[in-house]
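Encoded as structure tokens, the structure appears first; notes follow it.
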Amino acid sequence: MSLFYWMARFVNNTQYVVLFYFLAVNTFYLILFVISLWAILGYVRRMSYRDLQEITRSKLTPPISILIPAYNEAANITSSVHAILQVNYPEYEVIVINDGSTDDTLQKLIQAFGLRETKRIYHQTIPTKKVKGIYAASKATPWAKVLVLDKENGGKADALNAGINVSQYPLFCSVDADSILEKDSLTRVALPFMERFGGTVGVGGIVRVANGCSISHGMVMKVRLSKKWLPRFQVVEYLRAFLSGRIAWSKLNGLLIVSGAFGLFRKDPVIDVKGFDTSTVGEDMELVLRLHRNLRTKERQCRVEFIPDPVCWTEVPEKLKTLWKQRSRWQRGLGQSLFKHSFVFLNPRYKLIGLLAAPYFWAVEFMSPLIELFGYAVLFLAVVFGVAQWAAFGAFFALSVLMGINLSLLAVLLEEFTLHRYPGVRDLLRLLAASVLENLGYRQMINLARLNGMIDLFRRKSHWGTMERKGLEEPVR
């Protein structure tokens, strides 16, 4: 038999393998969505009986060290710090780590907050790059909570470890320098620690897209969508990832990632595992996996939760080149974390983490771009070889595109009917339109970027990549 025959037969059979994969993945997506819906409704109901002001006055409210790693963040850094200084929380400190910036990030901080270099000694509980200076404001000023470390460049993980070393409180919150916290974000994200301090090691809050919002003096004054479609697509992505994914895994106690843009951790367990790993670009997920491994090996409680309501607003890329680099880096970091902790995969010792969460992240989060793009290639070859099964083609289209649209629409509607952050009807209609359009080219482009990240992973590339920022501060209109 000819080579053409065997290739045609292979392509014909492969159509059904790809179809089965997408059927299984989308079925699991729907299950996660149902769990998320149940969890969000329960959360909204519980919070309706909570008095956040009373919580902030409680003696049980633990103090927090807020860590802001900054590398060339002159466009955003003062706005971010101003916003954090306005959060409604009884006791906290703000530690900005200037990680060897080559722009005027440090100078802007010194000027904005009246900082002076101190003689404070830096103790390396966790090894880091050299700290060149520690700056603080006078205790008599409104900026007394602010501390700035100036250090040699070592990457985000190294900067966070330096912040942990100088922090004085039992909880620390990592916040990206291009992000803005809402006033009650810390109170809400600290609640799980107040309820189960011993068992809870990490809590993540939802991250929302700030592009298009009216921002003044480090505060989001009016929530709106960007006029550009690229940020709108990312709004839908973020809603789907956080509301249809992470909250479900949190409910199952199988959450493997706390976003580096906004995450609260108990300090002692993090120090026990030597802090953030500087050898990966996905330090947020890698730390959570390491905490799970370390504590579960010692048969201690390890609960990582996600809260859908405390909001951190962040700037997302508005250019395809910047977005491509970001998603490629995210995929590379995901792969680094999974390979480093491959021992967890299908290991009953880690219970749901090993038997369900890790396989899901391997088969879906890591492999999906490769398999989806392979599926498109197989369908194309099936047409070329004349063996296309049009029923299978239609089913693949329904599962890969129509089901994607359906899940995006459900995530947007879930946000609208529970948390309702976008008050305008026009914004809702635009989000619904973005939910449809993102599946018709945008998602495929993102999968190509993620595939590039997988290739970079196997080529052992270690670069971080420069993220272009325009800054969040905009006049209120």
If you go through the stretch 352-362 one residue at a time, how many are surrounded by fewer than 16 Cβ atoms within 10 Å (Cβ to Cβ) and among the small types (Gly, Ala, Ser)? 0
Test: residue in the stretch 112-130 that is part of a helix (DSSP H, G or I) and either farther than 28 Å from Ser279 by Cα or in contact (Cβ under 8 Å) with a residue 40 or more places away in the chain (or both): yes
Among the listed residues Leu109, Leu60, which satisfies the condition of being buried (at least 21 other Cβ atoms within 10 Å of the Cβ), of a type outside the set (S, T, N, Q) and over 24 Å from the mean Cα position of the chain (by Cα)? Leu109
So, restricting to strands (runs of 3 or more DSSP E) that lie completely within the stretch 149-246, which ones have at least 1 residues that are touching a residue at least 12 places away in the same chain (Cβ under 8 Å) and under 30 Å from Val25 (Cα atoms)? 200-209
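Report yes if Lys321 is of a type outside the set (A, V, I, L, M), closer than 28 Å to Arg224 by Cβ and surrounded by fewer than 17 Cβ atoms within 10 Å (Cβ to Cβ), otherwise no. Working first, answer last.
Values: of a type outside the set (A, V, I, L, M): yes; closer than 28 Å to Arg224 by Cβ: yes; surrounded by fewer than 17 Cβ atoms within 10 Å (Cβ to Cβ): yes.
Spelling it out, Lys321 is indeed of a type outside the set (A, V, I, L, M), closer than 28 Å to Arg224 by Cβ and surrounded by fewer than 17 Cβ atoms within 10 Å (Cβ to Cβ).
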When every residue in the stretch 261-278 that is surrounded by fewer than 24 Cβ atoms within 10 Å (Cβ to Cβ), in contact (Cβ under 8 Å) with a residue 40 or more places away in the chain and not β-branched (Val, Ile, Thr) is compared, the one farthest from Val34 (Cα to Cα) is Lys274
Please count how many residues of the stretch 279-290 are part of a loop (DSSP other than H, G, I, E, B) and crowded, with 22+ Cβ neighbours inside 10 Å. 3
List, please: which pairs have Cβ atoms under 6 Å, are six or more places apart or on different chains, and start with a residue in the stretch 20-49 that is farther than 30 Å from Ala395 by Cβ and end with one that is surrounded by 13 or more Cβ atoms within 10 Å (Cβ to Cβ) and polar (S, T, N, Q)? Ile40/Thr418; Val44/Thr418
With the checklist (1) of a type outside the set (Val, Ile, Thr); (2) in contact (Cβ under 8 Å) with a residue 40 or more places away in the chain; (3) assigned to a loop (DSSP other than H, G, I, E, B); (4) within 21 Å of Ala136 (Cβ to Cβ) in hand, flag the one item Ala74 doesn't pass. (2)
Can you pull out the residues in the stretch 194-236 that are of a type in the set (Val, Ile, Thr) and farther than 25 Å from Gly254 by Cα? Val209, Ile215, Val220, Val223
Restricting attention to the stretch 383-392, does a residue exist that is touching a residue at least 40 places away in the same chain (Cβ under 8 Å), more than 24 Å from Gly245 (Cα to Cα) and part of a helix (DSSP H, G or I)? yes
For residues that are part of a helix (DSSP H, G or I) and either surrounded by fewer than 23 Cβ atoms within 10 Å (Cβ to Cβ) or not hydrophobic (A, V, I, L, M, F, W, C) (or both), tally how many sit in the stretch 247-259. 2
Against the definition (assigned to a strand (DSSP E or B) and within 15 Å of Phe361 (Cβ to Cβ)), how does Val304 come out, yes or no? yes
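Only residues that are closer than 24 Å to Leu287 by Cβ, out of contact with any Lys or Arg (no Cβ under 6 Å at 6 or more places or on another chain) and surrounded by 20 or more Cβ atoms within 10 Å (Cβ to Cβ): list them for the stretch 192-216, please. Before the answer, list the steps.
From the stretch 192-216, those closer than 24 Å to Leu287 by Cβ are 192-208; that's our starting set.
Next cut, out of contact with any Lys or Arg (no Cβ under 6 Å at 6 or more places or on another chain) only: 192-198, 202-208.
Selection gives Pro192, Phe193, Gly202, Val203, Gly204, Gly205, Ile206, Val207, Arg208.
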Which is of a type in the set (Lys, Arg), under 30 Å from Leu191 (Cα atoms) and surrounded by 15 or more Cβ atoms within 10 Å (Cβ to Cβ), of Arg293, Arg349? Arg293
All positions within the stretch 1-47 that are buried (at least 20 other Cβ atoms within 10 Å of the Cβ) and at pLDDT below 75: Val11, Gln15
Here are the criteria: (1) within 22 Å of Arg240 (Cα to Cα); (2) surrounded by 15 or more Cβ atoms within 10 Å (Cβ to Cβ); (3) out of contact with any Gly (no Cβ under 7 Å at 6 or more places or on another chain). Tell me which single one Leu429 does not satisfy. (2)
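Assess whether Val270 counts as being in contact with a helix residue (DSSP H, G or I) (Cβ under 7 Å, 6 or more places away or on another chain), within 22 Å of Ala358 (Cα to Cα) and part of a loop (DSSP other than H, G, I, E, B).
On the way: in contact with a helix residue (DSSP H, G or I) (Cβ under 7 Å, 6 or more places away or on another chain): yes; within 22 Å of Ala358 (Cα to Cα): yes; part of a loop (DSSP other than H, G, I, E, B): no.
For Val270, the condition - in contact with a helix residue (DSSP H, G or I) (Cβ under 7 Å, 6 or more places away or on another chain), within 22 Å of Ala358 (Cα to Cα) and part of a loop (DSSP other than H, G, I, E, B) - is not met.
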Can you name every residue in the stretch 48-70 that is in a loop (DSSP other than H, G, I, E, B), hydroxyl-bearing (Ser, Thr, Tyr) and either at pLDDT 85 or above or in contact with a helix residue (DSSP H, G or I) (Cβ under 9 Å, 6 or more places away or on another chain) (or both)? Ser58, Thr61
Take the residues of the stretch 63-80 that are under 18 Å from Val189 (Cβ atoms) and of a type in the set (Gly, Ala, Ser): which is surrounded by the most Cβ atoms within 10 Å (Cβ to Cβ)? Ser80
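The values are calculated or read from the model by the stated rules, or taken from the named source; none is laboratory data. On a predicted model such as this, the values are computed, not experimentally measured, just so you know. As a convention, Cβ positions derive from the backbone with ideal geometry for all residues, glycine included, and neighbour counts pool all protein chains shown.
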